[in-house]
Amino acid sequence: MALQTVGERDFEQEIMMSELPVLVEFSAEWCGPCKVIAPELEALSRELEGKAKIVKIDIDKSPNLARQMGVQSVPTFVVFQQGRPVDGRVGALKRNQLREMLDKFLPRAEGALKPEEVAALLKAGRISIVDAREPAVFGRAHIDGAVNIPSSEIETRLAELHMLPTPPVIYCRSGDLTKELAAKLAEQGVPVAFLEGGVLAWEASGFALARPD
């Protein structure tokens, strides 16, 4: 899915009036790094569908916009929130760096904790981490100190969650499963926090997993 290209005619409608945060890539057809990172941008766009927009502006076709934003090289990335530029970086950024630019402007699910927050709470001994993946997967690699309660069993093992020495934070591979589970438990009056983005986000943020021999 190619990214939408915004020009001077639809800049106000698509970006300035957007209810969602917008990540704009200022690029050009002749820009090599822009071509290299295109698949990453497209993947991020799919990942954040409904939460944020990712579009590109061709500086050769929309020179006035590039001039107004002070773009001097490509690629240049600018985040717009409620019609205002709120963050900007230059260069061929990696997917996690692009996600980082948008993260603070995205709506967060109740109970969601970022990897950095979980790591800090773990270090301070303020939470217990619970791996909700299957035992075989848990056995290969997991967050150090985690206990394993598969997601399919958590609702029948709530007593074990409450017997942990500190409040539990659950995680899965991508965060989707535990996000749904946390919402379901909250409806039942059992609020549980979860690791946003799961193991994938944990590793992408530079945190290691314990890998038993």
Requested in this report: State which stretch of the chain is the longest one without any exposed chymotrypsin sites (Phe, Trp or Tyr not before Pro), exposure meaning a DSSP loop state and at most 16 other Cβ atoms within 10 Å.
Outcome: 31-206
Report task. Taking the Cβ of ILE57 as the centre, find all other residues whose Cβ is under 14 Å away and add up their charges (Lys, Arg: +1; Asp, Glu: -1). Result -> -3
Query - Members of LYS35/LYS94; LYS61/LYS104; LYS53/LYS94; LYS53/LYS184; LYS35/LYS104; LYS56/LYS179 lying beyond 20 Å, as alpha-carbon distances in this model show - result: LYS61/LYS104; LYS53/LYS184; LYS35/LYS104; LYS56/LYS179
**Report entry** Peptide ranges 96-104, 125-133, 147-155 listed from the most packed, as the mean C-beta count within 10 angstrom indicates
**Finding:** 125-133, 96-104, 147-155
Query raised in the report: Roughly how many percent of the accessible protein surface of the chain is carbon and sulfur, given a 1.4 Å probe and a whole-percent answer?
Result: 52
Report summary line: Percent of all Cα-Cα pairs per 10 Å bin for region 20-128, counting from 0 up to the last occupied bin, reads 13, 41, 28, 12, 5, 1
Report task. Scan around ILE129 for amide H atoms under 5 Å from its own, H built in the peptide plane at 1.01 Å from N, and keep only partners 5 or more places away or cross-chain. Result -> VAL147, VAL169
Query - Cysteines in the chain that, by Cβ-Cβ distance, have no pairing candidate under 4.7 Å - result: CYS172
Report task. Check the straight Cα-Cα distances from LYS123 and name the aspartates and glutamates below 16 Å, setting aside those fewer than 8 residues away within the same chain. Result -> ASP144
Query raised in the report: Summing Lys, Arg as +1 and Asp, Glu as -1, what charge do residues with Cβ under 13 Å from the Cβ of CYS34 carry, CYS34 excluded?
Result: -4
Query raised in the report: Which of the trypsin sites (Lys or Arg not before Pro) found in region 44-81 are loop residues per DSSP with 14 or fewer other Cβ atoms within 10 Å of their Cβ?
Result: LYS51, LYS61
Query raised in the report: In whole angstrom, how far apart do the alpha carbon centroids of region 16-88 and region 156-213 sit?
Result: 33
Query raised in the report: Which whole-number percent of Cα pairs in region 150-194 have a distance greater than 16 Å?
Result: 29
Query raised in the report: Per-residue HN-Hα couplings for region 124-134, Karplus 6.51 cos²θ - 1.76 cosθ + 1.60 at θ = phi - 60°, whole Hz, x for Gly and Pro?
Result: 7, x, 9, 9, 10, 9, 10, 8, 9, 7, 5
Query raised in the report: Given only helices, namely DSSP H runs of n ≥ 4 each adding -39500 (n - 2.57), what is the per-residue ellipticity at 222 nm of the chain, to the nearest 500 deg cm²/dmol?
Result: -9500 deg cm²/dmol
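The values are calculated or read from the model by the stated rules, or taken from the named source; none is laboratory data. Model, not experiment: these values are computed from the prediction. Glycine gets a Cβ as well: all are built from the backbone with ideal geometry, and neighbour counts include every protein chain shown. Accessible surface areas use protein heavy atoms only, side chains included; no ligands, DNA or RNA. Shrake-Rupley method; radii C 1.70, N 1.55, O 1.52, S 1.80 Å.
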